1. With each pseudo-label sitting 7 Å past Cα toward Cβ, what's the SER355-ASN214 distance in nm, one decimal?
2. Work out, in µm²/s and without decimals, the Stokes-Einstein translational diffusion coefficient of the chain at 10 °C, 1.306 mPa s, Rh from Kirkwood over C-alpha pairs.
3. Please give the helix 307-339 orientation as an angle from the longest Cα principal axis of the chain, in degrees from 0 to 90, rounded to the nearest 10.
4. Relative to the longest principal axis of the C-alpha atoms of the chain, give the angle of the C-alpha long axis of helix 15-26, reported between 0 and 90° and rounded to the nearest 10°.
5. Compute log10 of I(q)/I(0) for the range 103-159 with the Debye formula, placing one identical point scatterer on every Cα and leaving out solvent, at q = 0.26 Å⁻¹, to two decimals.
6. Measuring from label point to label point, each 7 Å out along Cα→Cβ, what is the ASN248 to THR130 span in nm?
7. For the range 302-456, with the dipole built from +1 on Lys and Arg beta-carbon atoms and -1 on Asp and Glu ones, taken about the Cα centre, which of GLY377, ILE312, THR324 lies farthest toward the positive end?
8. What ³J(HN,Hα) values, in whole Hz, does the Karplus curve 6.51 cos²θ - 1.76 cosθ + 1.60 give for the range 426-433 when θ = phi - 60°, with x put for Gly and Pro?
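Readers should treat all values here as calculations from the given coordinates under stated rules, not as data from a laboratory. These numbers come from a predicted model, not from an experiment. In this analysis, Cβ positions are derived from the backbone assuming ideal geometry, glycine residues included, and neighbour counts consider all displayed protein chains.
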Amino acid sequence: MSNLPSGNRDSFSSKFGVIAAAAGSAVGLGNIWRFPLVTTQNGGGAFLLLYIGFILFIGIPVMLSEFTIGRRAQLNVFGSFKKLAPGTPWYLVGFLGILTAFAILAFYSTVAGWTLEYLVQAISGKLLHTQDMEKNFADFSTHPYRPIIWQLVFMLLTAFVVYAGIKKGIEKFTKILMPVLLVLIIFVVIRSISLPGAGEGVKYLFVPDWSAVNFKTVLMALGQAAFSLSIGMGTLVTYGSYIRKDNNLLKTSAQVALADTSIAILSSLMVIPAIFAFSAGTIDQMSPGPGLVFEVLPNVFKSMPGGIIFSIIFFFLLSVAALTSTISVLEVVVAYLKEELKFSRGKATLIGSISISILGVLATMSFGPLADFQIFGYTIFGLLNYASANIMLTFGALLIVVFVGWRMRKIAFMEEISNKGQLVSVMFTIVFFIIRFIAPIAIGIIAVAALFMEGL
Ligand code: PFF
């Protein structure tokens, strides 16, 4: 019986379910919309190598730390810290996680809603008949209510999956959606790299340009790795609490990181060669953000034979990637409301999604009616994005590794990750050394820099 989680708490039922759910959280808009552009603009292969280094030496150990905290405590992120460090202020780290989840979902659901509108525009054929893609996007995103409706539809889909629970909701859906996502991406990659002129794009993507690498690029690679793996806010603590005791956490972390990185690279192969084939030379001037996905790519699809099919597939896969991420963020809040404030799952889902939606609608409106409403020079969307992705996530990740490295009992950590001695001790020593010394120093540097450097 000791292999089963305590009580009758819901849990993932299979190893593949755990990987699908955690990879579902990791693979999202960050992989498809941000990674390809950030990589090509910051040294291509050089950035990629740095990124992979950070995934291996920082990302996996932090992910492992989060899983460990959750599985040890068998609770939501707030409850986990309270249980593992009773009578200390460490529960505030859990609280920071809940706040970060709120902020991330508020701005992330804005963009997720846009993907649904574009999916519908692609299906109806309107998108590829559009003359002026910039105007099309501007008209839509500044519209007083259309983007809000799509955002709320997206939140409803998210709430629907979360309400169904861990086994019957999150695991069931991600187990289907993640393989579908992978197959569709590979399908579009094959099309993209077989376009005439695509070879230049592939070269641009992979050939390292070390002259483009500077301090800021290094920080960007680490920031992107953290956001992409969904670390630093308790998503993986929460998911960790649903992982059964017989699951090897280090192996799971490595598999999730591998899936996330592979999809980021595949996304780049999907996007960059296609852009090169049709509008080479524009890539350097593009800023990461809506331009790539909602303006440049629709133009590419317009010029591509069979573009309509590819546009539908692309916006479908983008919506799926976003959905498997949003459910992981909502679950952080729902698990908290359910376990700490004793709401039923239904009520917790309702309260969580409605309150996040209220903030989310304000974020969406900052492209339209609230465009002039600025706080510290940011719109509401901009502030939520900057504060959560750059500051809150980084400080969260820092505090999490410090907790596991210095506060949690070493024996507890060892027990969680060793799976009854399966983990060789030299591996444990390396991982623990990274968690204690390397990860806090590296994340500490980026945390301080993020406060002062914009556009990371
Ligand atoms: N990892 C997701 C992406 O790359 O799009 C975003 C994300 C999801 C960040 C969940 C943080 C999180 F907790």
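1. Simple spin-label model gives 4.3 nm for this pair.
2. Once the numbers are plugged in, D ends up at 72 µm²/s.
3. Computed tilt is about 30 degrees.
4. It works out to around 50 degrees.
5. With no solvent term, the Cα-only Debye profile gives -1.07.
6. For the pair ASN248/THR130, the computed spacing is 4.7 nm.
7. THR324
8. 5, 5, 4, 4, 5, 4, 5, 4
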